[in-house]
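Worksheet for the structure shown next.
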Amino acid sequence: MLNLDFSILNWSLIQNFILKGLWFSILLTAVATAGGIFFGTLLALMRLSGQKWLDAPAALYVNVMRSVPLVMVILWFFLLVPLLIGRPIGAEYSAVVTFIAFEAAYFSEIMRAGIQSIPRGQVFAGQAVGMTYGQNMRLVILPQAFRNMLPVLLTQTIILFQDTSLVYAIGAYDLLKGFETAGKNFGRPIETYLMATVTYFVISYSLSSVVKSINRKIAIIR
Amino acid sequence: MAMDWMVFCKDTLSGDVVAGCFGKGRDITYLDWLFSAWGWTVSVSLTALVVALVVGSIIGVIRTLPNSPWLTRFGNGWVELFRNIPLLVQIFLWYFVLPALVPPMKNFPPFILVVLALGLFTSARIAEQVRAGILALPKGQRYAGMAVGFTTVQYYRYVLLPMAYRIIIPPLTSESMNIFKNSAVAFAVSIPELTQYALQVGEETARPIEVYLAVTVLYAISALVINRIFAWIEKRARVPGFVAAGTGAGGH
């Protein structure tokens, strides 16, 4: 029964179908991580500001995003973004916007935990030497919070990389779509699904090994 | 953008608004269909949760067994395997690849395949939590169990696990809410659950905003109900004087 044929796997298949998808998946992961951490940190600062008018909307945003399946968020943005900006938008652009907005909610919870892990004395020390709120955050609190949370942030990035496969829902051309298209073209879907599995596994497993070794390094320094 | 909620009262075939919004006999409205889709989401999620709890507990336990390096390695391998492949890819594996490689699986209904995919995917995460819960207990607990003459099974059953499960109720709660959210991925293999409903009915009725809103609200309600159930369990199972440790953020 096992009549698998992996002979279709060659450089031209990779070049024609896979690289484009792999590039998009990596780009989406990188942009969503950078954007997600940026907006997530802003959300975390809003939630820790002690100002009700900043805290409440940020909390609402984070909780709504976290209670809806990512697939539904992807569909929502694909529906709403064109309505808001008044012109059609490609699945790929829509995916980038969605992932930044969605991941910001998750990264904000991580950054919030990170900021709260910094002893109050650090804030007071910053204030005592005359720093403004912005200086204190930028020079004292956030660098430490970021560093404390680095393993969690990286783990989230691995989850994010795996989640990029969900852009399947709106037909964006990512790594999985690349393998699927190749499978359809060559009439060998089983083989290409297996190749996709191995590719995702190798990338995610290597990344998590990197995170583990970073964890060890940080543990030694402390 | 005016909302038109009457869309849910329409018959799915004729498109006429039905009085009372629920169809009679064999005619169904979009509202009937919505509840049926919710039923699919709930049954896929709950069944997968049972699979995940059972398998996750077994894998989590064998990773902490003393003097069984091969079992521990198997457990670690299991967790790495199911954690490092995206859920959607795993669903395709169960749905397309495994039945092609293992002919008897061709007769498995899609429901079973999706439940296995979602359940085993989640089992890796639950195994991590169970292991963390067991390791969070002081070593003396294990030795105490041994000292009173318990076998390995007995001291896991009577000493370690009762406390370990209590410790991990908070992460188990979020994992159980995650399973409801992750069940949305089943749309990819045409399980008639909520996300599939959103895609299909949103297009069919040309009222995607109302349809997405209804589906989103049902997901939120499901997650909230699960959250309340676990909060109730946590309260009922609380041991006076025993404070459970919190866990980190992150995950989906």
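Of all residues in region A:178-199, those satisfying the criterion of being in a helix (DSSP H, G or I) and more than 11 Å from chain B (Cβ to nearest Cβ) are A:178, A:181, A:182, A:184, A:185, A:186. Checked against (1) in a loop (DSSP other than H, G, I, E, B); (2) polar (S, T, N, Q); (3) free of Cβ contacts under 8 Å to residues at least 60 places away in the same chain, residue B:76 passes all but a single condition, namely (1). Those residues that are crowded, with 19+ Cβ neighbours inside 10 Å, hydrophobic (A, V, I, L, M, F, W, C) and within 14 Å of the chain's Cα centre (by Cα), I need them from region A:27-47; list them, please. Of everything in region A:27-47, those that are crowded, with 19+ Cβ neighbours inside 10 Å, hydrophobic (A, V, I, L, M, F, W, C) and within 14 Å of the chain's Cα centre (by Cα) turn out to be A:28, A:32, A:37.
Yes or no: region B:127-136 includes at least one residue that is of a type outside the set (A, V, I, L, M) and within 12 Å of another protein chain (Cβ to nearest Cβ). Yes, there is a match, as at least one residue in region B:127-136 is of a type outside the set (A, V, I, L, M) and within 12 Å of another protein chain (Cβ to nearest Cβ).
One line per residue, one yes/no per condition, for (1) of a type in the set (S, T, N, Q); (2) closer than 20 Å to residue B:219 by Cα; (3) surrounded by 12 or more Cβ atoms within 10 Å (Cβ to Cβ):
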position: B:8; (1), (2), (3): no, yes, yes
position: B:27; (1), (2), (3): no, no, yes
position: B:44; (1), (2), (3): no, yes, yes
position: B:47; (1), (2), (3): yes, yes, yes
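Which of the residues belonging to region A:48-64 are within 13 Å of chain B (Cβ to nearest Cβ), at pLDDT 95 or above and surrounded by 13 or more Cβ atoms within 10 Å (Cβ to Cβ)? The one that is within 13 Å of chain B (Cβ to nearest Cβ), at pLDDT 95 or above and surrounded by 13 or more Cβ atoms within 10 Å (Cβ to Cβ): A:62.
Would you check if there is a residue in region B:115-133 being in contact (Cβ under 8 Å) with a residue 12 or more places away in the chain, assigned to a helix (DSSP H, G or I) and of a type in the set (Ser, Thr, Tyr)? Steps first, please.
Of the residues in region B:115-133, the ones in contact (Cβ under 8 Å) with a residue 12 or more places away in the chain are B:115-133.
Narrowing further to those that are assigned to a helix (DSSP H, G or I): B:115-133.
Now narrow it down to the ones that are of a type in the set (Ser, Thr, Tyr): B:122-123.
Yes, region B:115-133 contains a residue that is in contact (Cβ under 8 Å) with a residue 12 or more places away in the chain, assigned to a helix (DSSP H, G or I) and of a type in the set (Ser, Thr, Tyr).
The condition of being within 12 Å of chain B (Cβ to nearest Cβ) and surrounded by 20 or more Cβ atoms within 10 Å (Cβ to Cβ) holds for only one of A:208, A:117, A:165, that being A:165. Applying a threshold of 9 Å to beta carbon distances and a minimum spacing of six or more residues, or different chains, the list of pairs starting in region B:24-38 at a residue that is within 12 Å of residue B:11 (Cα to Cα) and ending at one that is of a type in the set (S, T, N, Q) and in a loop (DSSP other than H, G, I, E, B) reads B:27/B:12; B:27/B:14; B:28/B:12; B:29/B:12; B:30/B:12; B:32/B:12; B:33/B:12. If the condition is being in a helix (DSSP H, G or I) and in contact (Cβ under 8 Å) with a residue 60 or more places away in the chain, then region A:43-87 contributes A:43, A:44, A:45, A:47, A:70, A:71, A:74, A:75, A:78.
The values are calculated or read from the model by the stated rules, or taken from the named source; none is laboratory data. Bear in mind the structure is a predicted one, so any value in this text is a computation, not a measurement. With ideal geometry, Cβ positions are generated from the backbone for all residues, glycine too; neighbour counts draw on all protein chains shown.
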